[in-house]
Amino acid sequence: MRIDDPQILAALPDLGIELRAGASMTEQTSLGIGGTTDLLRIRRQEHLPELIRLLNGGGIPHRFLGGGTNLLILDGELPWVMLQLVRAQPDVRLEGNFAYVDCAADLGRTVTFCAKNDLGGMEGLIGVPGTVGGALRMNAGAYGTQIGSYVREVQVYRAGDGGIQTLRGSEINFEYRHTSFAPDDIMLSVKLELPSKPFREILQGIRICNEKRRASQPLNQKSAGCIFKNPPGASAGRMIDELGLKSHRVGDARVSERHANFFVNDGQARAADMLGLIADVRQRVHRAFGFELEEEVIVWKG
Ligand SMILES: Cc1cc2nc3c(=O)[nH]c(=O)nc-3n(C[C@H](O)[C@H](O)[C@H](O)COP(=O)(O)OP(=O)(O)OC[C@H]3O[C@@H](n4cnc5c(N)ncnc54)[C@H](O)[C@@H]3O)c2cc1C
């Protein structure tokens, strides 16, 4: 979708918003799949309400992009524009055991920065790519750690109320790859409370998690991490593996040989290929094991 309303276009520079016209989502997502649309990069969070007001007034639908590492987006000209926060400088501020983090911050760099200041707890999240905002939305987790455990406050733009407000951690439900944020909430910054730990000890934990990841995941290929959530008491990857589906493909979309719950883009995969592979694998798992696998990757079809 292209913004052609002259009033909106004229207002963007004053709001500190950078317009990247016709941005390709193949470059914005770790899967390397997706169509094109106008991308609006927000430098000053306080202007977000005014931007949304303008877009709503112009009848322009929008979606929010973090690091694009958990997204499968349809091909072609997209029927919405994309909004994205630009990282503040600095993006993490520490006060005792509290870390105040901008939601555009890179999650891995945040974990490392806190570690260097003897604040631990998030070692398991070290290899999770993407932004802190995306991690909050997804309640990103790995190796027994989930970001939600450390959240004390989140500043959000709440479309329903049209304003920016602060939610207490206790008001938010963090579940397995699911949170109680409203679908159109935009997370702006977060206050985390992290346990004190010597850097050396945290580093050891980080190294162990990195090794586990390197040994089990196709990190040099285009993917969105796990495609399916694990059903209670079962492993989606193990079921797919047991069906002999590693390397199974639809077009250039392929089940990874390294990790059966990672689906990779082997070159020129289109959204339809990936969706076809997802549907096929889901059906086979259902037939064989009786589980209806639910996607972990967020699919934007339209
Ligand atoms: C190699 C690889 C390994 C991975 N391993 C893991 C893992 O171990 N554990 C895990 O949990 N995930 C994993 N993932 C998935 C992914 O990295 C996480 O879900 C990550 O937290 C997504 O963050 P993002 O910024 O890229 O979000 P995006 O993919 O850009 O967006 C995901 C969702 O969050 C929303 N969103 C993003 N930012 C905001 C914001 N500021 N406000 C409101 N909504 C927002 C988007 O609208 C979208 O709905 C992996 C992915 C890859 C490619």
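What follows is calculated from the coordinates using simple rules that are stated; it is not laboratory data. Everything quoted here is computed from the prediction, not taken from an experiment. With ideal geometry, Cβ positions are generated from the backbone for all residues, glycine too; neighbour counts draw on all protein chains shown.
Based on the Cβ-Cβ distance from residue 46 to residue 170, what FRET efficiency comes out when R0 is 35 Å, to the nearest 0.05? Computed FRET efficiency for residue 46 and residue 170 comes out at 0.85. For the chain, a Gaussian network of Cα nodes joined below 10 Å ranks 39, 203, 83 by mean-square fluctuation, and the top entry is 203. A dipole drawn for the range 203-285 from +1 and -1 charges on Cβ atoms has a positive end, and of 225, 245, 285 the residue lying farthest that way is 225. Express the Stokes-Einstein translational diffusion coefficient of the range 6-85 in µm² s⁻¹, to the nearest whole number, given a Kirkwood radius over alpha-carbon pairs, 37 °C and a viscosity of 0.692 mPa s. Approximately 255 µm²/s, per Stokes-Einstein. Separation of the range 195-227 from the range 30-84 is 30 Å, based on Cα centroids.
Using a cut-off of 20 Å between Cα atoms, the listed pairs 222/246; 116/197; 191/222 include 191/222 as exceeding that distance.
What is the Rg over Rh value, at two decimals, for the range 118-222, using alpha-carbon atoms and the Kirkwood definition of Rh?
On the way: Rg = 15.2 Å, Rh = 14.9 Å.
Result: Rg/Rh = 1.02.
Stokes-Einstein diffusion for the range 219-300, with the hydrodynamic radius set to the Kirkwood value over Cα pairs and evaluated at 37 °C in a medium of 0.692 mPa s, equals 264 µm²/s. Computed from the C-beta positions of residue 56 and residue 27, the FRET efficiency with R₀ = 35 Å rounds to 0.80. The average projected area of the range 59-205, computed from the convex hull of its Cα atoms over all directions, is 9.4 nm².
Take the Cα of residue 292, step 7 Å toward its Cβ, do the same at residue 196, and the gap between the two points is 5.1 nm.
Which net charge results for the neighbourhood of residue 33, defined as the other residues with beta-carbon distances under 9 angstrom from its beta-carbon, given Lys and Arg at +1 and Asp and Glu at -1?
Numbers: positive: 222, 270; negative: 75, 273.
Taking every Cβ under 9 Å from that of residue 33, the sum is 0.
Placing dummy labels 7 Å off each Cα toward the beta-carbon, the span from residue 14 to residue 207 is 5.6 nm.
Given that compact globular proteins tend to follow 2.2 N^0.38 Å, what is the ratio of the alpha-carbon Rg of the chain to that value? The partial results should precede the final answer.
Numbers: Rg = 19.8 Å, N = 302, 2.2 N^0.38 = 19.3 Å.
Here the answer is 1.03, to two decimals.
Principal axis extents of the Cα atoms in the range 1-146, from largest to smallest and rounded to whole angstrom, are 50, 32, 19. In this Cβ point-charge picture (+1 for Lys and Arg, -1 for Asp and Glu), the chain has a dipole of about 780 debye about its Cα centre. Counted residue by residue at 0.36 nm each, then reduced by the alpha carbon distance between them, the extension gain from residue 77 to residue 161 reaches 27.2 nm.
Report note on the peptides 160-168, 254-262: ranked by the mean count of other C-beta atoms within 10 Å, highest first, their order is 254-262, 160-168.
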